[in-house]
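Engineer: Got a structure for you, questions after.
None of the figures in this text is laboratory data; all of them are computed from the coordinates on show. Being a predicted model, the structure only gives us computed values, none of them experimental. Neighbour counts run over all protein chains shown; Cβ positions are idealised from the backbone, glycine included.
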Amino acid sequence: MSGPAPVWDVINGYAAYWALHAAVELGVFENLPATSAELAAATGVHDPADVELLAQLLAAKGLLETDGERWSNSAAAERFLVPTSPASMVGLVRHSPGPKQAWPALAATLRAGHPAEPITDALNALYPALVAATAATQGAVARGVAAELRTRGLWDGTGLVVDLGCGSGAWLDGLVGDEATGIGVDLPHVLPAPRDRVTLIGGDYLDVDLPDRAASVVVLAHVLRAESAERAEALYRRAVDLLTDDGVLLVADYFRPPNGEKTETYADAVHDLTLALTMRASTPGRGLTEPTLAAWGAHTVAVVEPVPRQRVHLIKRGPS
Ligand SMILES: C[S@@+](CC[C@H](N)C(=O)[O-])C[C@H]1O[C@@H](n2cnc3c(N)ncnc32)[C@H](O)[C@@H]1O
């Protein structure tokens, strides 16, 4: 007879998320090593017994360790949960699930076929923080892709780079060197600070005026998964139309396993499926699959992964 562990695992996931959220909010990870009493004093927790309970749960989750007296960060927490670490994921802990109110409303969203207006508004309000949280990683991916393009003879670093949904500007920074120019498009309240050699345009990336067939590189990084099937395909086609004959379209995403099958590891499939459902909870999208790109006729010349789990399709116009 099977036991209830799989059900409890899911129920308890809710509490585990909020325990981590509270630990980040309290500043637990940057105040270690410490005893429970020291940690309570440093984080403003009223009763050391409470911070001890929180620490025990975080230890059970592999985020803290103890020698019986003092708490310290596990290797993962030291690298990813200390806010000053270059690899800090603190912003993602706060914002990766999207607007929090989307989750209790998920059944209603699925019934209606779209999220309620307040969730869409909340998501738009969240974008500046979300793109700031991912800027360092996306900058590293963009630099890696720029190197790949040169090595493969697909781009010489000149001409025009157009980034649709440019967010923090991390991709433009990674691609536009001294010899190229850039155009970044995003919602007006999300556009990044001005930078040299880059024109920033506020508006819907499906509507704004852009020069046709003029871009050496077009970037669609982490945008298609949040769009409806119709808008995603229209955006993909617009991106291809912006390319010169030799241009390259970069599609970066956390590709959803098409049939929910186990990919490299089960954990990866769960991660990608959860992200796709996160899209569904607060956007018209349900994630992007690689077969969808193929079905649109994408002429993918290579798939690169310059940073682990960051897949990027390098797409050429193909025969027209
Ligand atoms: C997940 S972020 C990705 C940002 C950036 N491409 C990156 O990879 O770091 C999605 C971006 O798309 C932008 N966006 C969403 N809807 C948009 C629209 N209709 N027109 C232009 N930008 C949009 C958001 O403001 C946000 O900056």
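Engineer: Report, by chain and number, residues whose modeled amide H sits under 5 Å from the one on residue 299, excluding near sequence neighbours (fewer than 5 apart, same chain).
Structural biologist: 316
Engineer: Go through the range 221-238 residue by residue and turn each phi into a ³J(HN,Hα) via Karplus (6.51, -1.76, 1.60, θ = phi - 60°); whole Hz please, and just put x for glycine and proline.
Structural biologist: The phi angles translate into 10, 6, 10, 5, 5, 9, 9, 4, 4, 5, 5, 4, 5, 5, 5, 4, 5, 4 Hz.
Engineer: Shape verdict for the range 5-94, please, from the Cα gyration tensor: rounded (a/c under 1.5), prolate (a/b greater than b/c) or oblate.
Structural biologist: Details: a/c = 1.56, a/b = 1.17, b/c = 1.33.
Oblate, since a/c reaches 1.5 and b/c is not below a/b.
Engineer: Send over the per residue convex hull volume for the range 106-316, Cα only, as a whole number of Å³. Intermediate results must be reported in sequence, preceding the final value.
Structural biologist: Values: hull volume 25.0 nm³, N = 211.
Given the Cα convex hull of the range 106-316, per-residue volume reads 119 Å³.
Engineer: Dipole of the range 5-94, Cα-centred, from +1 at each Lys and Arg C-beta and -1 at each Asp and Glu C-beta, to the nearest 20 debye? Write down the numbers at each step before the final one.
Structural biologist: Working: 4 positive and 11 negative charges, 70 e Å.
So the magnitude is around 340 debye.
Engineer: What is the set of long-range amide H partners of residue 218 at a cut-off below 5 Å, with H atoms built 1.01 Å from backbone N?
Structural biologist: 162, 248, 249, 250
Engineer: Turning to a different aspect of this structure: From the phi angles alone, apply the Karplus equation (6.51, -1.76, 1.60; θ = phi - 60°) to the range 77-94 and give each ³J(HN,Hα) in whole Hz, x where the residue is Gly or Pro.
Structural biologist: 5, 4, 7, 10, 10, 7, x, 7, 5, x, 9, 3, 10, 4, x, 6, 4, 6
Engineer: To the nearest 10 degrees, how steeply does helix 5-26 sit against the main Cα axis of the chain, on a 0 to 90 scale?
Structural biologist: Once rounded, one gets 90 degrees.
Engineer: A further question follows. Output the 0 to 90 degree angle, nearest 10, between the alpha-carbon long axis of helix 117-151 and the longest principal axis computed from the alpha carbons of the chain.
Structural biologist: The answer is roughly 70 degrees.
Engineer: Amide H neighbours of residue 64 under 5 Å, counting only residues 5+ apart in sequence or on other chains, H built in-plane at 1.01 Å?
Structural biologist: 59, 74
Engineer: Can you give the local net charge around residue 189? Use residues other than it whose beta-carbon is closer than 14 angstrom to its beta-carbon, Lys and Arg +1, Asp and Glu -1. Show your work: numbers first, answer last.
Structural biologist: Numbers: positive: none; negative: 121, 186, 204.
Spelling it out: positives minus negatives among the neighbours equals -3.
Engineer: Separate question: Using only Cα atoms, locate the centre of the range 31-94 and the centre of the range 180-211, then give the distance between them in Å, rounded to an integer.
Structural biologist: The distance from the Cα centre of the range 31-94 to that of the range 180-211 comes to 40 Å.
Engineer: I would also like to ask the following. Under the classification rounded if a/c is under 1.5, otherwise prolate if a/b is larger than b/c and oblate if not, where does the range 139-234 fall, given a ≥ b ≥ c as square roots of the Cα gyration tensor eigenvalues?
Structural biologist: Details: a/c = 1.62, a/b = 1.38, b/c = 1.17.
It comes out prolate by the Cα gyration axes.
Engineer: Next up: What residue among 88, 35, 15 has its Cα farthest toward the positive end of the dipole of the range 5-94, where the charges are +1 on Lys, Arg and -1 on Asp, Glu, each on the Cβ?
Structural biologist: With unit charges placed on the Cβ atoms, the residue in question is 88.
Engineer: Through the Karplus equation 6.51 cos²θ - 1.76 cosθ + 1.60, θ set to phi - 60°, convert the phi angles of the range 30-35 into ³J(HN,Hα) values in whole Hz; use x for Gly and Pro.
Structural biologist: The phi angles translate into 7, 10, 10, x, 6, 6 Hz.
Engineer: Over the range 106-316, calculate the relative contact order: mean separation of alpha carbon pairs under 8 Å at least 6 apart, over the residue count, as a percent.
Structural biologist: Working: 390 pairs, mean separation 39.0, N = 211.
Result for the range 106-316 is 18 percent.
Engineer: How far, in degrees from 0 to 90, does helix 266-282 lean away from the longest principal axis of the Cα atoms of the chain, to the nearest 10?
Structural biologist: That works out to roughly 80 degrees.
Engineer: Let me ask you something else. Provide the descending list of Cα extents for the range 267-320 along its principal axes, expressed in whole angstroms.
Structural biologist: 37, 26, 14
Engineer: When the dipole is taken about the Cα centre of the chain, and only Lys, Arg (+1) and Asp, Glu (-1) are charged at their Cβ, what size is it in debye, to the nearest 20?
Structural biologist: Working: 24 positive and 38 negative charges, 131 e Å.
Roughly 620 debye for the chain.
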